[in-house]
Amino acid sequence: MSIYNFSAGPAVLPQPVIAQIQAELPSFQDSGMSILEISHRSNLFEQVLHDAEQDLRDLLTIPDNYHVLFFQGGGTLQFTAAPLNLARHHRIGLLDSGHWAQRAAAEAERVGTKVHVLASGAETNFKQLPILARPVDQNLDYVHLTTNNTIEGTMTTALPNTGRVPLVADMSSNFLGESYQVSDFGLIFAGAQKNLGPAGLTIVIVRDDLIGHVDNLPSMLDYQLFAAKNSMFNTPPVFAIYAAGLVLKWLKQQGGLDTMVARNHAKAALLYDFLDQSRLFTNPVKTSDRSTMNVPFITGNTDLDNQVIQDAQEHGLVNLKGHRLVGGMRASLYNAMPLAGVQALVDYLDNFEAHHR
């Protein structure tokens, strides 16, 4: 029986990447040493780091005036690092699209940054994205945006007009799964454990003119220091960078970002089309704001939801339980999830509905 992993993260990885890791694990590049034990100062790892950055630059067409930094601490650490590095006047704007935007606001306030909520989806219980109703104050240091909301199941495709105020994007859950122009942002950050690799690595892409203006930052949060040290101020997450590098090469082999985005839209359409015609399952999100990465759905009955999750696992469809804050079910359709997995899910749900509606 095939197993399809719909976890929101850490999430499914491409099978060829897992196979390559398995094959190379005892002796990386015939060195006699595992990737788990090579020095981060070795030529072997320097090549891994260089290739990962270059492949990412190629896939996203990252302009030369943007640094690519490899951090630890997850996307959550960047909720602190971004205001420390960029909020020189301690005033930022935020689009409140749900849980992770609110977490970002709370962390910014912890370091003395005033957060102005420019728009919120709270009135619809975050079933649709917030919409800017007035021009953005041009004295703000930046505007924070969560491009994909894993819990609420919403995704931004049309970016807000912030004028000359830089846009800072938490792309953790649709990084490399949806297409954006890097030059539209001052800063992008993303935890790797959704579309890029195992947990332990966070990518930061930041415009060079925005950093280096704040003195005496904590070293591990200093973008300028990490840029100067080529992300090796301390021991980086060697294995996580290596694994992410393999995923980046796999993405190139698949045809690049445009190919993956088209696949993701096709997978999401297959599931949404079923949910829209179902008389048992519903997706509560405004159609135009739906995520292609994370699809929440419910029956309206908690006991029945739990039965769906339990029975699905017996059919090889695992990690469908919704986030603890909202319950129900959630299918995450990241890059490595094949269309066959989504078809198996739709077939299972259709059969379940036939026996329970």
Summing +1 per Lys or Arg and -1 per Asp or Glu among the other residues with Cβ less than 15 Å from N230's Cβ gives -2
Ranked by how many other beta carbons lie within 10 Å on average, peptides 347-356, 10-19 from highest: 10-19, 347-356
Amide H partners (placed H, <5 Å) of T154, local residues excluded: N149, S291
Computed over the chain, protein heavy atoms only, probe 1.4 angstrom, the accessible area per residue in square angstrom equals 44
Pairwise centroid distance, computed over Cα atoms, of the stretch 1-77 with the stretch 292-355, Å: 29
Are there any helices in the chain, counted as whole DSSP H runs, that stretch 20 Å or more along their axis by Cα and score at least 0.5 on average by Kyte-Doolittle, and if so which? 238-254
Which of the listed residues, L339, T287, H355, is farthest toward the dipole's positive end in the stretch 257-355, when Lys, Arg count +1 and Asp, Glu count -1 at the beta-carbon? T287
Rounded to the nearest whole number, the per residue volume of the convex hull around the C-alpha atoms of the chain in Å³ is 133
To the nearest 20 debye, what is the magnitude of the charge dipole of the stretch 257-355 about its Cα centre, counting +1 on the Cβ of each Lys and Arg and -1 on the Cβ of each Asp and Glu? 360
Calculated from DSSP H runs of 4 or more alone, at -39500 (n - 2.57) each and per residue, what is the 222 nm mean residue ellipticity of the chain, nearest 500? -11500 deg cm²/dmol
Reduced Cα scattering model of the stretch 109-214, Debye log10 I(q)/I(0), q = 0.10, 0.11, 0.15, 0.21 Å⁻¹: -0.31, -0.38, -0.71, -1.34
Straight-line reach only, C-alpha to C-alpha below 20 angstrom: list the lysines that K252 could link to, leaving out same-chain residues fewer than 8 apart. K194, K267
Based on Cβ point charges of +1 for Lys and Arg and -1 for Asp and Glu, what charge dipole magnitude is obtained for the chain about its Cα centre, in debye rounded to the nearest 20? 520
For W100, W250, give me the order by solvent-accessible area with a 1.4 Å probe, most accessible first, ignoring ligands, DNA and RNA. W100, W250
For the stretch 273-312, what number results from the quotient of the Cα radius of gyration and 2.2 N^0.38 Å? 1.22
Residue-span extension gain [A354 to D51] - 0.36 nm each, minus C-alpha spacing: 104.1 nm
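The values are calculated or read from the model by the stated rules, or taken from the named source; none is laboratory data. Bear in mind that the values here come from a model prediction, so they are computed numbers and not experimental data. Counting neighbours? That spans all protein chains shown, and the Cβs are built from the backbone with ideal geometry, glycine included. Heads up: the accessible areas ignore ligands, DNA and RNA and are worked out on the full protein's heavy atoms, side chains in. Shrake-Rupley method; radii C 1.70, N 1.55, O 1.52, S 1.80 Å.
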